[in-house]
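Scroll down for the structure; my scribbles are underneath it.
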């Protein structure tokens, strides 16, 4: 299985988009997609889509203060689907929709391949029991089944690092952005998930849970790397 | 292990045959025939029992054993290669670490053993029930009674049943019985249900999905899945589980017909051989003895006979015990 850090867009061929019942067959990636995508990210496409990096950052790391999401290392199939969803309106955003509409099919494929090729997260995958005293960690690893909420990591993978093309990483994404998306499902401005899989979860979360879990994932990579450095120090003694 | 009953083997046999079967039996030491009967239906009504919270697990040796059992239940893969030979964890089929009602929860199970099962005419213990899930659902070798993994698992179940009645079935036990569908179940219709509602997680090839070496979405058929003897391979049992628990996070969203059809689709795919086949002389005999329940084992399907192979998955024991 691929780790995020070494995603090869050439391997990502099909993505089953569900809900309408029709299988949406993803683009066939071309060899020059990554360099073409990089040009669009840095300079825009000259057709109305301005440089992506002006908001998403030079390295695709986004911006916490403004809530612009990190794109670096996200799966190409997921990114490309989001751009299509903005264009078609199943995902609404006054900021992103005009840019998505200004991108051609080729452009979408190219920028998606480019951002997917940037280094993403490579977090531990081993099982670690959840701490019952930590509400956010419990929600992430065990869910809130009394309220029919599966653990976030059951769909978003160990430590929320994403699974395949359909389940994006949450770890390392900015808290303000995560929170905005959870609210977008609740108010209907984002309705693009396969079979309402994410909507059914978002609808059942409390405002308090949304705040806690957004902070949890935003700070998780940092906390994990601090923990692993501490482990190593201990091991050296 | 149960005492060997010579009468069964000698009947109608010659002396040399007796010697042969004696040799086979001592060598294989197979458990007595396990018919893997479905659980009886749970009493009707809303599940009201609340298992204790994990934050209240006591801080002593009992509590440590509970936590070990919980960890094995969620991450059964830690026993891979010793007791587990597929990609499953107990919690894949007993959701929320065995706590969820209508997902064969452990708190509803604990007080119901030992239980008499008419079919093999003996009393079965909790340890044997857990061992059964190792043999079939995990396509594995059961840890011995009294061994640490089994004690840990039993302690976890014991803790979860704190305050539950003994020897009295509770609502929420097992998977809720699903009435027979209007139209006979059909794997072809099930394939459509699967493509639309399940493939995004379990994969079009049924192999599930992993991140690194961690299985996130379990396989539903193929070498990593439950074997041909597992309760889940019965169409009725899978339909009941699916209706109440799948798609993940959307319980009871499929119609009864869809649940039966998709269960038939999943269970008409190849998977590791029924381990009981090792002790049976033919596929037909295995079907005759253990598979009279409307499943697909031993039936012709898409030009081949399902289960007609010696692929026991990663379990490397010889296909026949005396081979």
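The values are calculated or read from the model by the stated rules, or taken from the named source; none is laboratory data. No experiment lies behind these values; they were computed from the predicted model shown. Positions of Cβ are backbone-derived with ideal geometry, glycine not excepted, and every protein chain shown enters the neighbour counts.
For segment A:57-64, check the following and say yes or no: at least one residue is under 30 Å from residue B:53 (Cβ atoms) and outside any loop (DSSP other than H, G, I, E, B). Checked against the condition, which is being under 30 Å from residue B:53 (Cβ atoms) and outside any loop (DSSP other than H, G, I, E, B), segment A:57-64 yields no hits at all. Considering segment A:89-160, the qualifying helices (runs of 4 or more DSSP H), each wholly inside and each with 3 or more residues that are within 20 Å of the chain's Cα centre (by Cα) and under 30 Å from residue B:52 (Cα atoms), run over A:135-141, A:152-156.
Conditions tested, residue by residue: (1) touching a residue at least 40 places away in the same chain (Cβ under 8 Å); (2) outside any loop (DSSP other than H, G, I, E, B); (3) more than 14 Å from chain A (Cβ to nearest Cβ); (4) over 23 Å from residue B:95 (Cα atoms).
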{"position": "B:165", "(1), (2), (3), (4)": "yes, no, yes, no"}
{"position": "B:179", "(1), (2), (3), (4)": "yes, no, yes, no"}
{"position": "B:182", "(1), (2), (3), (4)": "yes, no, yes, yes"}
{"position": "B:193", "(1), (2), (3), (4)": "yes, yes, no, no"}
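Looking only at residues in segment A:169-204 that are assigned to a loop (DSSP other than H, G, I, E, B) and within 14 Å of another protein chain (Cβ to nearest Cβ), the one that is nearest to residue B:246 (Cα to Cα) is A:193.
All told, residue A:206 meets the bar of being free of Cβ contacts under 8 Å to residues at least 24 places away in the same chain and either more than 19 Å from residue A:77 (Cβ to Cβ) or surrounded by 20 or more Cβ atoms within 10 Å (Cβ to Cβ) (or both). Residues in segment A:154-168 that are in contact (Cβ under 8 Å) with a residue 60 or more places away in the chain and within 8 Å of chain B (Cβ to nearest Cβ): A:161, A:162, A:164, A:166. On inspection, residue A:200 does not qualify as surrounded by fewer than 18 Cβ atoms within 10 Å (Cβ to Cβ) and modelled with pLDDT of 95 or more. Taking the criterion of being more than 11 Å from chain B (Cβ to nearest Cβ) and farther than 22 Å from residue A:57 by Cβ, the residues of segment A:94-142 that qualify are A:101, A:104, A:105, A:106, A:136, A:137, A:139, A:140.
The lone criterion from (1) buried (at least 20 other Cβ atoms within 10 Å of the Cβ); (2) modelled with pLDDT of 95 or more; (3) under 21 Å from residue B:246 (Cβ atoms) left unmet by residue B:297 is number (3). Exactly one of (1) in a loop (DSSP other than H, G, I, E, B); (2) without any contact (Cβ under 8 Å) to a residue 24 or more places away in the chain; (3) more than 23 Å from residue B:74 (Cα to Cα) is unmet by residue B:249. Its number? Exception for residue B:249: condition (3). In segment B:217-234, is there at least one residue being without any contact (Cβ under 8 Å) to a residue 12 or more places away in the chain and touching a helix residue (DSSP H, G or I) at 6+ places or on another chain (Cβ under 6 Å)? No, there is no match, as no residue in segment B:217-234 is without any contact (Cβ under 8 Å) to a residue 12 or more places away in the chain and touching a helix residue (DSSP H, G or I) at 6+ places or on another chain (Cβ under 6 Å).
Only one of the listed residues (B:145, B:108, B:101, B:127) is under 29 Å from residue B:46 (Cα atoms) and not in a helix (DSSP H, G or I). That residue is B:101. Set side by side, the residues B:67, B:82, B:55 differ, and just one is surrounded by fewer than 24 Cβ atoms within 10 Å (Cβ to Cβ) and closer than 23 Å to residue B:208 by Cβ, which is B:82. For segment B:195-217, the set of residues classified as within 11 Å of chain A (Cβ to nearest Cβ), assigned to a loop (DSSP other than H, G, I, E, B) and crowded, with 20+ Cβ neighbours inside 10 Å consists of B:198, B:208, listed by residue number.
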